[in-house]
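Below is one structure, written out as structure tokens; comments come after it.
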12 protein chains.
Amino acid sequence: MPVTIGEISGEYVVIKALENGVTIFALTRGVDTKFHHSEKLDKGEIMIAQFTEHTSAIKIRGRVELLTKHGGIKTDD
Amino acid sequence: MPVTIGEISGEYVVIKALENGVTIFALTRGVDTKFHHSEKLDKGEIMIAQFTEHTSAIKIRGRVELLTKHGGIKTDD
Amino acid sequence: MPVTIGEISGEYVVIKALENGVTIFALTRGVDTKFHHSEKLDKGEIMIAQFTEHTSAIKIRGRVELLTKHGGIKTDD
Amino acid sequence: MPVTIGEISGEYVVIKALENGVTIFALTRGVDTKFHHSEKLDKGEIMIAQFTEHTSAIKIRGRVELLTKHGGIKTDD
Amino acid sequence: MPVTIGEISGEYVVIKALENGVTIFALTRGVDTKFHHSEKLDKGEIMIAQFTEHTSAIKIRGRVELLTKHGGIKTDD
Amino acid sequence: MPVTIGEISGEYVVIKALENGVTIFALTRGVDTKFHHSEKLDKGEIMIAQFTEHTSAIKIRGRVELLTKHGGIKTDD
Amino acid sequence: MPVTIGEISGEYVVIKALENGVTIFALTRGVDTKFHHSEKLDKGEIMIAQFTEHTSAIKIRGRVELLTKHGGIKTDD
Amino acid sequence: MPVTIGEISGEYVVIKALENGVTIFALTRGVDTKFHHSEKLDKGEIMIAQFTEHTSAIKIRGRVELLTKHGGIKTDD
Amino acid sequence: MPVTIGEISGEYVVIKALENGVTIFALTRGVDTKFHHSEKLDKGEIMIAQFTEHTSAIKIRGRVELLTKHGGIKTDD
Amino acid sequence: MPVTIGEISGEYVVIKALENGVTIFALTRGVDTKFHHSEKLDKGEIMIAQFTEHTSAIKIRGRVELLTKHGGIKTDD
Amino acid sequence: MPVTIGEISGEYVVIKALENGVTIFALTRGVDTKFHHSEKLDKGEIMIAQFTEHTSAIKIRGRVELLTKHGGIKTDD
Amino acid sequence: MPVTIGEISGEYVVIKALENGVTIFALTRGVDTKFHHSEKLDKGEIMIAQFTEHTSAIKIRGRVELLTKHGGIKTDD
């Protein structure tokens, strides 16, 4: 299957957990929007995640520092 | 199905809930504009959501901090 | 139906209601320009809306703060 | 009908009425340049309008604040 | 007729009349350069006009404030 | 005849006459370079003109203020 | 197999280990999101890794300094 | 003959004559480089000229002020 | 085999060894991620390396100064 | 022969002679690199020259002021 | 063989030798990474080298000053 | 033979000789890297040279001032 520029050029965000038990949910692209993956982060762990053919939204539960192309955001204590 | 650059390159916005019970509504693209998905956020939870083939508008109810390509906006107390 | 870059890459604007009862009207693209959708916002609610195949103009009634690629604008008291 | 990037990527301008009875006229693209639509704005109402397949000029009567990609302009008292 | 990016992406200029009786002339693109449309503006009226398939030059008679991509220009008293 | 991006995307310049009787000459693109159009401007009149399929050079006689993408230039007294 | 621009133009991130035993996990692109590779770094070692046809997310465990296109981030002690 | 983006998008330069009798020579593109056009400018006259299918070099004799994309240059007295 | 823009336009990084015995490992692109090349640098030697069809990750062992498009990074003593 | 964007979009440089007898040599593109044209400039004359299908290098003998996209350079006395 | 934009648009770096006997090694693109060319520079000599179809990495031995798109780097004494 | 954008859009560098007898060597693109052209410059002479289908590296012997897209560099005395 040929690789196109689309498949690997999705925007990404950077998430650093500020506490144990942070959960990152990937929500499905398409008619139905539901969780298709969740990832647990402990304090200090970092996740770098792209939007993909399967993921069009990301939900974060727990205290994090977040870097995006629109700037950074941090969960307050 | 080949992946094109269009499908994953939609703009995204970043929404941080400043209180419990924030609701994010995704509105359908197309002739009819109606809710096709809603997502509840509790205080401190973050949602990163793209415009997609199915979503051309997003409505937010509840106090949030919002990051977009046109700058940030924050709901007053 | 293949997704092209056009369909999801429309510009968007961000509208925050500064009072109850703000109304956002979407006007049709095409030979006739008429309302095809209206959305009510209460104070503090936020709408993020793209131009689409069906919407080429947006009219806002009521006090709002607006973010666009040409800068921000705010309705006076 | 497939959607191309052209149809929804027209430039837009932002118009805020500074008095009641502001009128926005859309003029036809093509050999003949005539009014094909007019929109009334009362004080504080905002119009966000794209150039489209049907509109290649916009005329504004009444006091407004205008945002465009070339900067802002404001009608004097 | 399919809409291409060309048709609606012409550059535009913004003209604000500083006195009554300002006239804006659109000149034809093509072998012959002649007036094909004129528009009268009274004091305070604003015209936002694109270059189109039919218009490759614009002539302005009367005192105006003009915004273009090369900057602004204003007619002296 | 389909409209391409080329036809309407030519660069433009802005010319403001600083005295009566300014003449703007459009010179032909192609093997022969000759005048194909001239336009008279009186003091305060403004001309906004694109390079086109037919015009690859512009000559100005008389005192003017000129805006171009390389900056502005003004005829001295 | 011809090489396209997509295959080698994936974004990359830079990770410097600040302690021994840092682990970098590559997560699979596609319907299932699971680990397909892990890499151990000792203190001072650096990893420069692209998103690829096979990797759409990266998870980091251990103290690191991270450089991305959205800025830098550092794990606190 | 269809118009392509190439034909009208050539770079242009702006030349203002600082004395009478300035001569602008257009040199031919192609195997032979020779004069194919010359234009006389008197003091204060301005020439705005594109590179074209036929012109790949421009020679200026006489005192001028010149605006180009690499900046401005002025002939000394 | 025709050369495409992809093949030679891969991003590159610059690595300067700050001590003898620095090792640079190139890791394979594709389903398996393993070492396919290693390069030894002595103090002061510089390596400038692209991502390629075969290399999607680079690992560095030893003290270096590194220049990337996300900025510079230096191994501490 | 249709005109492509390539033919007229070559980069150009601006050369002002600071003394009489400046010579500008155009060197051939291709397997052999030899002079195919030379142009004499007297003091104050200006040459604006593109790289073309036939010219891939330019040599200048004599004192000049030179403007390029990499900045300006001036021959010392 | 037609020339494509790829072949001549490879990034280049600039290397100035700060001592005699600097060696620049070009390493092969492809499955095997080995030296295919080396170039000796004496003090003050400069090499400007592109990445090509054949070269995807460059190794430098000896004291140099190096200019790249990520900034400059200099070998210490 | 049609001219493509590739052939004339190669990057160029600017070299000013600071002494007599500066030599500029053009090295061949391709499997073999060898000298295919050399050019002698005397003090004050300037060479503006593109990378081409035939030249992928340039070597300079003698004292020069060099302008490139990565900045300027000057040979010390």
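If you check residue K:32 against the conditions, is it within 28 Å of residue I:74 (Cβ to Cβ), at pLDDT below 90 and either in contact with a His (Cβ under 8 Å, 6 or more places away or on another chain) or not in a strand (DSSP E or B) (or both)? Even if it seems obvious, please write down each step before you answer.
Details: within 28 Å of residue I:74 (Cβ to Cβ): no; at pLDDT below 90: yes; either in contact with a His (Cβ under 8 Å, 6 or more places away or on another chain) or not in a strand (DSSP E or B) (or both): yes.
Criteria not met by residue K:32.
With respect to the conditions (1) under 23 Å from residue E:34 (Cα atoms); (2) more than 8 Å from chain E (Cβ to nearest Cβ), residue D:24 falls short on a single one, namely (1).
Being under 21 Å from residue K:9 (Cβ atoms), modelled with pLDDT under 95 and under 10 Å from the mean Cα position of the chain (by Cα) narrows it down to one of L:66, L:27, so name that one. Break it down into steps so the answer makes sense when it comes.
Working: L:66 fails: modelled with pLDDT under 95.
So the residue among L:66, L:27 that is under 21 Å from residue K:9 (Cβ atoms), modelled with pLDDT under 95 and under 10 Å from the mean Cα position of the chain (by Cα) is L:27.
Out of L:6, L:10, one residue alone is buried (at least 23 other Cβ atoms within 10 Å of the Cβ) and either within 12 Å of chain K (Cβ to nearest Cβ) or modelled with pLDDT under 95 (or both). It is L:10.
Keeping to the stretch D:29-43, report how many residues are of a type outside the set (Asp, Glu) and either more than 10 Å from chain E (Cβ to nearest Cβ) or touching a Pro at 6+ places or on another chain (Cβ under 7 Å) (or both).
The first filter runs over the stretch D:29-43 and keeps only residues of a type outside the set (Asp, Glu), leaving D:29-31, D:33-38, D:40-41, D:43.
If we keep only those that are either more than 10 Å from chain E (Cβ to nearest Cβ) or touching a Pro at 6+ places or on another chain (Cβ under 7 Å) (or both) as well, we get D:35-38, D:40-41, D:43.
Count: 7.
Only one of these is more than 7 Å from chain E (Cβ to nearest Cβ), closer than 23 Å to residue E:35 by Cβ and at pLDDT 95 or above: F:46, F:60. Name it. The conditions single out F:60.
Listed here are the residues, each with its yes/no results for (1) at positive phi; (2) open to solvent by 10 Å² or more (accessible area, probe 1.4 Å); (3) assigned to a loop (DSSP other than H, G, I, E, B).
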{"residue": "D:20", "(1), (2), (3)": "no, yes, yes"}
{"residue": "D:27", "(1), (2), (3)": "no, no, no"}
{"residue": "D:36", "(1), (2), (3)": "no, yes, no"}
{"residue": "D:43", "(1), (2), (3)": "no, yes, yes"}
{"residue": "D:49", "(1), (2), (3)": "no, yes, no"}
{"residue": "D:53", "(1), (2), (3)": "no, yes, yes"}
{"residue": "D:58", "(1), (2), (3)": "no, no, no"}
{"residue": "D:66", "(1), (2), (3)": "no, no, no"}
{"residue": "D:72", "(1), (2), (3)": "no, yes, no"}
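The values are calculated or read from the model by the stated rules, or taken from the named source; none is laboratory data. Bear in mind that the values here come from a model prediction, so they are computed numbers and not experimental data. Note that we place each Cβ from the backbone using ideal geometry, even for glycine, and neighbour counts take in every protein chain shown. Side chains included, ligands, DNA and RNA excluded: accessible areas come from the protein's heavy atoms. Shrake-Rupley method; radii C 1.70, N 1.55, O 1.52, S 1.80 Å.
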